[in-house]
Structures are given as structure tokens and as C-alpha cells.
1. Output yes when any residue across segment 472-493 is farther than 30 Å from residue 248 by Cα and buried (at least 23 other Cβ atoms within 10 Å of the Cβ), and no when none is.
2. Between 438, 469, which is in contact with a helix residue (DSSP H, G or I) (Cβ under 8 Å, 6 or more places away or on another chain), part of a strand (DSSP E or B), small (Gly, Ala, Ser) and modelled with pLDDT of 95 or more?
3. Of the residues 477, 485, only one is assigned to a loop (DSSP other than H, G, I, E, B) and either more than 18 Å from the chain's Cα centre (by Cα) or at positive phi (or both); which?
4. Identify, from the list 157, 144, the residue that is in contact (Cβ under 8 Å) with a residue 60 or more places away in the chain and either buried (at least 24 other Cβ atoms within 10 Å of the Cβ) or not assigned by TED's automatic domain parsing to the domain that holds residue 55 (or both).
5. Quick check on my filter: what residues within segment 368-415 are surrounded by fewer than 16 Cβ atoms within 10 Å (Cβ to Cβ), in a helix (DSSP H, G or I) and either in contact (Cβ under 8 Å) with a residue 40 or more places away in the chain or of a type in the set (Asp, Glu) (or both)?
6. Can you tell me which of (1) under 22 Å from the mean Cα position of the chain (by Cα); (2) under 21 Å from residue 149 (Cβ atoms); (3) not aromatic (Phe, Trp, Tyr) is the one residue 448 doesn't meet?
7. Of the numbered conditions (1) within 30 Å of residue 450 (Cα to Cα); (2) in a strand (DSSP E or B); (3) not small (Gly, Ala, Ser), residue 155 fails exactly one; give the number of that condition.
8. It is to be established whether one or more residues within segment 138-145 are closer than 16 Å to residue 43 by Cα and assigned to a loop (DSSP other than H, G, I, E, B).
Amino acid sequence: MSWAGRPTLRRATLALSFMGMLTAGVSAETLTLAVALDNGSFDPAIVENGPRAQYWAAVYDTLLLMEPDGSIVGNLAESYAYNEDNTVLTLKLRQDVKFTDGAPFNAEAVKANVEHLRGGTGQNSFMVGAVTDIVIVDDFTVELHLSAANPAQLTYLTMAGGVMGSPAALGTEEIISVPVGSGPYMLDVANTTKGAQYSFVRNPDYWNAEAFPYDAVVLIPMGEITARMNALRSGQVDGAQGNAQTAAEAEASGLSVNRTPIDRHGLILADREGALVPALGDVRVRQAINHAIDGEGLLAAIQRNLGHHTTQVFNLNSVAYVPELDDRYPFDPEKAKALLAEAGYANGFDLTLPENPTVPANPIITQQLADVGIRVIWDKVVSENYVTEAQSKRYGAFWMSLSTGNPWWDMTKQISASGPWNPFDSATPELDALLAKAQAASGDEYTALMREVNTYVTENAWFDIWYQADAVYFAAPDVKVTMHPQNVVPYIRHFAPATE
């Protein structure tokens, strides 16, 4: 369907109340999406990846873009280049961009935004944490000096770490609720109610308007999957985050089911030195746990096979992924028993795990570990406190679902001795040497080294990974969706009218 020559959507369309919009339906010029979470803040130092990315992606541009295949290309920064040791990143900026308050986008704006994010308290301040200096070469050239090479830095600049707001608005109270960006849309404040509806109209001066075919965007916070499904089936919204449990129902209703591998599920076998649970200090015990739990069966039972059975902590689409490793730990209770006996635990041992009541795998874990002699003792934890408890060093192992994407980012979260999901600060000289080499490498050398890192932690059973679940997004048949390769929902740029 051609969108050339269509009349501009009148502002009055967005004046519809939420209930009025539900009864009237969605106009062809408007993209209406249900979002699983309400917006937290439009402050560039506070914005988040995940479901909330759709809010800020409507109004802000990022310095770089990640393509659907995971490659990184220019955006507000037309080009980028590292120096020889990857510690200075030079960005060449577009010269035709203005923020919606009329301020120019330039090197000063980049400096202001990086400093604002780095000095803030948002969860993504780490994305520019390695930036020690921001050097303005000229009005449209800026250098980011890093404390050390960071193989994930370019990825960060495609996400919340690269969001650019007007320098005059940074740090103000107003920007929390009224964004001032250079992106494709502007918040229609008069027709926006926090918690109910966020309305956006075109930015008439946007430099890349052809990449955004809709004249207006409406985002409706809708936490319950049942509500999102009802809104999709009735035509009240064009797209919404789904899940594996409702995918068959969505497909039967004529909705498209769009998928990309994101979250990996399994146990973090955190006490690798056996400080709290002596048995876990033996690699044979950790390997036995990998053989004892049927990851492929869990994928079918819990995720309805919307995902991929894997033993690896890294994303299936990342350069660190090694296909052969997925055959390393087949479900084999007899092998698990033999390994336990070899390690001196023929009679098994007690293993206390924090119990998150929302995890459907808990009874299966209990039974399958019991089948090889490992007696699980569940310690009930309030679900809201689960993350804090898991990271507290009170448990030698625990269940966790974590997003995956850029392998270096995944490494810093889960493998690095200082990572939040390595609570016992596990490290070995062999692994440290591999990580040091990988950090300084690039291209094929980096790929090879990260695969060695992956092989090392898999062979040494730092984790018991069951599967990587697909992020699932449902859309109306007249809307084409391209999934973001490293986010649970598509950004606004990933939606377009479906061709006839």
C-alpha cells in the first residue's frame, strides 16, 4: 500500500479519549500499540531498554542504529571509527538535525548527553561508564575516550546509551514527562494521560521521515496479557507484546506471531569454589546438574517450544555462540549419578534454592534433581525481592532468566568477577587471560576468543542453561513487524503497513 500523498492526520484524531479510541477503532494513519509497562521517564538518563523502549524511540534518536541482522550502522552519527587499540571512538555527526526546541544537534549536544547519562542514577549509566573524556574536535566531530576497549560500546550507542535529548532540557523536571528530542515524533501533551495513553504526532522537521510511515503513534500501557489479546483481536490496537502461552491463540485469531531469541533460562551455579555449598566446588557436580535437568523437555512444557534448546549462556545469534556445545549435556540421569558418585556424592546432597513462586519449572527441578540424589530445599522468597536474594550470596545456585544480546555485555553481567550475576566473584587465571585478550581484539580474533570463553564456562559448568526463549510479539495482519535482534519488543522504526 502506498502512503505517498495521504492527507496528514489531523490533530483532532488524537483528541479521542482512550475509551473513544477503543470503540472507534484505529485509523490507517495511526499506529496504536499496547505496551506491557507504563512509561517511567522521558529523561535520557533514566530511559530503559525492554518494553519501555517504545516510548522513547518515538521521540529520541540514537547516535547509532542496530539493524535487524545485528549489524551497526550510522544514525545521528553518520560514521564512526576506532583508533588502533579501540580506546578512542570518533563519531562524525549529521549536520542537518535540530531538536524540537530549535536547538542544533552537534558535538556539544553529544557531550552534554553523555555527561548527563554518565552522571545520572539510571540503570543504563554503565553504557557510558567507560567514557573518561569527551573531546570536541569540531562542531560535528566528537571523540569518546574510553578507559579500556569495550567491545559492547557500539551496541550501547544504539540503545538507551545513545539517546540524544536537547541540552537545554537535560536535568530539568519537565523532561521527565515532556521529552525534547530530535526523533520522528513529538509527544502530544494535550492528548496524553500517564498510565492511560501516550499520543505522538509527526515531527515536521525530522530528517529521516520516510523511515516512519505512520502519521501518528499511540501507546497504551496494558499490563495484562489477557487485556492485550482482547485489544488485538478486537482491532483496538495494532501490536502488543505476547508470550509463548498465547501464541497459538494469537495465530488462530489471524494475528502475526513474530519471534526472536532473547531470554535464556536456567540455573546459575554461582558457588563455583564451594564456599557455601561444598559440592558445587567440584566441576563434576555442576556437570551432573546439567545432565540431570531436561532442558529440552522444559522448553516444550513451559515455552511451548517457542525458543531453542541450548546449554550456552550466550545468544544464539551472537558471535560467541558455538553450535556444537548444545550437545555437551544431553539429558542423562544415569550420567549425572555417575558424576556425583565420582565426586564423592553417591548419596547426593542437600541444595537450598530461593523459591520464586512465579517460576513454573520449580516442581520439575525438584523432581529431576531428586531423581539423581540432589535434595532441593526451597527457601520461600517474595517475588519482588527475588533478584536481591539471588545476588546476596545466601544461595549457592538459583534460577534466573536473563536477556542476551551483545556477547561482551552478557559477559560483563554474568561472567565477569564484578558482574551482578556472579555474586561469588568467580574467576580463574585461564578465563581472565581469555577475557583480557578478547577485550583488546576485534574482528575474527575477537570472535574466536569469545567462543573460547563460551567453551570454557560451558565445559566448567558455570551455569545449567535449559533453553533460550523467544521474545514474542503479536501484530494485526495489516501491520508488518521486524523484530529487534536484542530487545524484547520492536522499536517504533520496526513497524510499517503490510503490503497487499
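The values are calculated or read from the model by the stated rules, or taken from the named source; none is laboratory data. Here the structure is a predicted model, which is why all the values come from computation and not from measurement. Cβ sites come from the backbone with ideal geometry, for glycine too, and all protein chains shown count toward neighbours.
1. Just the residues of segment 472-493 that are farther than 30 Å from residue 248 by Cα, to begin with: none.
No, the conditions are met nowhere in segment 472-493.
2. Values: 438 fails: part of a strand (DSSP E or B).
Unique residue meeting the criteria: 469.
3. Details: 485 fails: either more than 18 Å from the chain's Cα centre (by Cα) or at positive phi (or both).
It is 477.
4. Values: 144 fails: in contact (Cβ under 8 Å) with a residue 60 or more places away in the chain.
Going through 157, 144 in turn, just one is in contact (Cβ under 8 Å) with a residue 60 or more places away in the chain and either buried (at least 24 other Cβ atoms within 10 Å of the Cβ) or not assigned by TED's automatic domain parsing to the domain that holds residue 55 (or both): 157.
5. Within segment 368-415, just 384 meets the criteria.
6. Here residue 448 clears every test but (1).
7. All conditions pass for residue 155, except number (2).
8. Just the residues of segment 138-145 that are closer than 16 Å to residue 43 by Cα, to begin with: none.
No: segment 138-145 contains no residue that is closer than 16 Å to residue 43 by Cα and assigned to a loop (DSSP other than H, G, I, E, B).
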